[in-house]
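Notes follow once the structure below has been shown.
The values are calculated or read from the model by the stated rules, or taken from the named source; none is laboratory data. Computed from a predicted structure; not experimentally measured. Every residue, glycine as well, gets a Cβ built from its backbone with ideal geometry; the counts of neighbours run over all protein chains shown.
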Amino acid sequence: GAVVSQHPSWVICKSGTSVKIECRSLDFQATTMFWYRQFPKQSLMLMATSNEGSKATYEQGVEKDKFLINHASLTLSTLTVTSAHPEDSSFYICSARGGGGSSYNEQFFGPGTRLTVL
Amino acid sequence: AQSVTQPDIHITVSEGASLELRCNYSYGATPYLFWYVQSPGQGLQLLLKYFSGDTLVQGIKGFEAEFKRSQSSFNLRKPSVHWSDAAEYFCAVGVGFKTIFGAGTRLFVKA
């Protein structure tokens, strides 16, 4: 099956710093990538959807200036948490979708990145 | 609006006993349905999926799920649970180009 990787798998940073998380589709071209956030013992919350070469679409309530998403190529999307604070500590999961259009295509999920902000 | 409901926040079963995790969805068209499992601190692993065809779907690790359109359900089953099955299970539906997740059901397995 299609493989999606994330890097780093975990990161600890100081409050006020920025952290970049990478999401890569290893064996297919991802026209769309998704970023999710998961709080402890909760479900996945979709943060934003990004299409290659265009601006990301953020879900309601997600601060686009805090969570910068770049989808510069068909195999790479990045999420940058700017000026991170302890409340940004969470598990961030990306997924990637091949194909195109607005119909559903299966998403493939990365292994997640654990962010801890001190 | 589309939604996924997992009525059971947590379930405890004895090792070797059968398991059924419930999932109901709300979606007008024929949905794309998924079950994922997540171990603590880990990412999601796809157990099985339903896109069309046979309504009884076989997955990995001995899991199966049955799509029942009349009940808008996609319940996950396993005939004999192993201690290693203890994890969080998420039902999800593919809508448009998004995936909508249920709240999850935590499975505890007792010896």
(request) Scan region B:22-36 for residues that are of a type outside the set (F, W, Y), touching a Lys or Arg at 6+ places or on another chain (Cβ under 8 Å) and surrounded by 12 or more Cβ atoms within 10 Å (Cβ to Cβ) and jot them down. (result) B:L33
(request) State whether the residues of region B:21-40 include one that is at pLDDT below 95, touching a helix residue (DSSP H, G or I) at 6+ places or on another chain (Cβ under 8 Å) and in a loop (DSSP other than H, G, I, E, B). (result) yes
(request) Any chance you could count how many residues in region A:1-30 are more than 13 Å from chain B (Cβ to nearest Cβ), among the small types (G, A, S) and either surrounded by fewer than 17 Cβ atoms within 10 Å (Cβ to Cβ) or without any contact (Cβ under 8 Å) to a residue 12 or more places away in the chain (or both)? (result) 3
(request) State which residue is surrounded by the fewest Cβ atoms within 10 Å (Cβ to Cβ) when the search covers only region B:63-100 and only residues that are more than 14 Å from B:L21 (Cβ to Cβ) and within 14 Å of chain A (Cβ to nearest Cβ). (result) B:G96
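Just to confirm my filter: which strands (runs of 3 or more DSSP E) fall fully inside region A:42-89 and include at least 1 residues that are in contact with a His (Cβ under 9 Å, 6 or more places away or on another chain) and without any contact (Cβ under 8 Å) to a residue 40 or more places away in the chain?
Fully inside region A:42-89 and qualifying: A:44-51.
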(request) Being crowded, with 16+ Cβ neighbours inside 10 Å and within 11 Å of chain B (Cβ to nearest Cβ) narrows it down to one of A:Q38, A:Q42, so name that one. (result) A:Q38
(message) If a residue must be surrounded by fewer than 19 Cβ atoms within 10 Å (Cβ to Cβ), closer than 23 Å to B:G41 by Cα and in contact with a Leu (Cβ under 7 Å, 6 or more places away or on another chain), how many such residues does region A:52-85 contain?
(response) 1
(message) Here is a check on your reading of the model: is B:A103 among the hydrophobic types (A, V, I, L, M, F, W, C), part of a loop (DSSP other than H, G, I, E, B) and under 25 Å from A:T113 (Cβ atoms)?
(response) yes
(request) Considering only region B:101-111, state which residues are in contact with an Asp or Glu (Cβ under 8 Å, 6 or more places away or on another chain) and more than 10 Å from chain A (Cβ to nearest Cβ). (result) B:T105, B:L107, B:V109, B:K110, B:A111
(message) Any residue at all in region A:107-115 that's crowded, with 17+ Cβ neighbours inside 10 Å, touching a helix residue (DSSP H, G or I) at 6+ places or on another chain (Cβ under 7 Å) and within 14 Å of another protein chain (Cβ to nearest Cβ)?
(response) yes
(request) From (1) touching a residue at least 60 places away in the same chain (Cβ under 8 Å); (2) crowded, with 19+ Cβ neighbours inside 10 Å; (3) over 10 Å from the mean Cα position of the chain (by Cα); (4) within 14 Å of chain B (Cβ to nearest Cβ), pick out the condition that doesn't hold for A:M33. (result) (3)
